[in-house]
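**Student:** After the structure tokens below, expect a handful of questions from me.
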Amino acid sequence: MLTLMFKKNQNRGHDSGFTLIELLVTTGLTLILVGGALASYNSFNTRQGHIQSARNVMAAVERAKTRSAVGEKPASCTTLDGYRVRAAINTATYTVSIRCDGNSTDLEPQQFFLPSGYLFRTAFDVVFPPLPRNVSSVDQNVDIAKPTDTDVYRFVIRANGAIEDQGLVTP
């Protein structure tokens, strides 16, 4: 005859399970990990917002440069002087317009907006001429950021018209 022997519980008055301390430690560690994940996610979202904002502006600048290079102009324009892209400091808008016939008046200005909460930290004003020549006498930094951020997304419009993406920087 086969007899099965069971070990008797030595601590008969105690149920097996987790102690309050073990549960508190586990909960605390879980909250710390979740908090770290949320902070990383917020940082990632902010960085992606900077990148997307700057890339939209860079695309508009490249479009203006290309339109000028191919000589695209409105019917009312006899001689194309260039396409102008500009923004003021601490604003969320930038304008693309056309310069014609040696006139200082901008034709067909189009206004564009940065995403909500983003501003230009630096002003810039560039006219891309139809012929390959310098667009200004100095390089112009274009910084985009939220007012509370320390990092900015920067691209540079070189004096020769080249556009250089520098990414997130701390000014």
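The values are calculated or read from the model by the stated rules, or taken from the named source; none is laboratory data. Every value quoted in this text rests on a predicted model; they were computed, and no experiment measured them. Backbone-built Cβ (ideal geometry, glycine too); neighbour counts: all protein chains shown. Side chains are part of the model used for accessible areas, which takes the heavy atoms of the whole protein and leaves out ligands, DNA and RNA. Shrake-Rupley method; radii C 1.70, N 1.55, O 1.52, S 1.80 Å.
**Student:** Would you tally the residues in region 23-47 being in contact (Cβ under 8 Å) with a residue 24 or more places away in the chain and not hydroxyl-bearing (Ser, Thr, Tyr)?
**Tutor:** 1
**Student:** Restricting to region 32-58, name every residue that is open to solvent by less than 40 Å² (accessible area, probe 1.4 Å) and either among the small types (Gly, Ala, Ser) or not in a helix (DSSP H, G or I) (or both).
**Tutor:** Listed by number, the residues that qualify are Gly35, Gly36, Gly49, Ser53, Ala54.
**Student:** Applying the selection to region 1-27, what residues are modelled with pLDDT of 85 or more and either surrounded by 10 or more Cβ atoms within 10 Å (Cβ to Cβ) or aliphatic (A, V, I, L, M) (or both)?
**Tutor:** Across region 1-27, the qualifying residues are Leu20, Ile21, Glu22, Leu23, Leu24, Val25, Thr26, Thr27.
**Student:** Could you please find all residues in region 92-121 being over 15 Å from the mean Cα position of the chain (by Cα) and open to solvent by less than 60 Å² (accessible area, probe 1.4 Å)?
**Tutor:** Hits for region 92-121 are Tyr94, Thr95, Val96, Ser97, Ile98, Arg99, Cys100, Asp106, Leu107.
**Student:** So, one more: Surrounded by 12 or more Cβ atoms within 10 Å (Cβ to Cβ) and either farther than 17 Å from Val57 by Cβ or touching a residue at least 60 places away in the same chain (Cβ under 8 Å) (or both): is that true of Val127 in this structure?
**Tutor:** Against the criterion (surrounded by 12 or more Cβ atoms within 10 Å (Cβ to Cβ) and either farther than 17 Å from Val57 by Cβ or touching a residue at least 60 places away in the same chain (Cβ under 8 Å) (or both)), Val127 does not qualify.
**Student:** Please enumerate the residues belonging to region 113-135 that are among the hydrophobic types (A, V, I, L, M, F, W, C), in contact with a helix residue (DSSP H, G or I) (Cβ under 8 Å, 6 or more places away or on another chain) and closer than 15 Å to Ser97 by Cα.
**Tutor:** Passing the criteria: Val126, Phe128.
**Student:** Pull out all pairs, ordered by first then second residue, where Cβ-Cβ is under 6 Å, the residues are six or more apart or on different chains, the first lies in region 136-148 and is without any contact (Cβ under 8 Å) to a residue 24 or more places away in the chain, and the second is open to solvent by 30 Å² or more (accessible area, probe 1.4 Å) and in a strand (DSSP E or B).
**Tutor:** Asn141/Arg154
**Student:** If you check every pair at least six apart or on different chains, which have Cβ atoms under 7 Å apart with a residue in region 90-111 that is within 20 Å of Ile144 (Cβ to Cβ) first and a residue that is modelled with pLDDT of 90 or more and part of a loop (DSSP other than H, G, I, E, B) second?
**Tutor:** Note: pairs meeting the criteria are Ala92/Leu114; Ala92/Tyr118.
**Student:** Continuing with the same structure: Answer yes if at least one residue in region 68-85 is closer than 30 Å to Asn45 by Cβ and open to solvent by 40 Å² or more (accessible area, probe 1.4 Å), and no otherwise.
**Tutor:** No, because not a single residue in region 68-85 is closer than 30 Å to Asn45 by Cβ and open to solvent by 40 Å² or more (accessible area, probe 1.4 Å).
**Student:** Within region 132-145, is there a residue that is open to solvent by 70 Å² or more (accessible area, probe 1.4 Å), assigned to a strand (DSSP E or B), under 24 Å from Ala75 (Cα atoms) and not aromatic (Phe, Trp, Tyr)?
**Tutor:** Scanning region 132-145 turns up no residue that is open to solvent by 70 Å² or more (accessible area, probe 1.4 Å), assigned to a strand (DSSP E or B), under 24 Å from Ala75 (Cα atoms) and not aromatic (Phe, Trp, Tyr).
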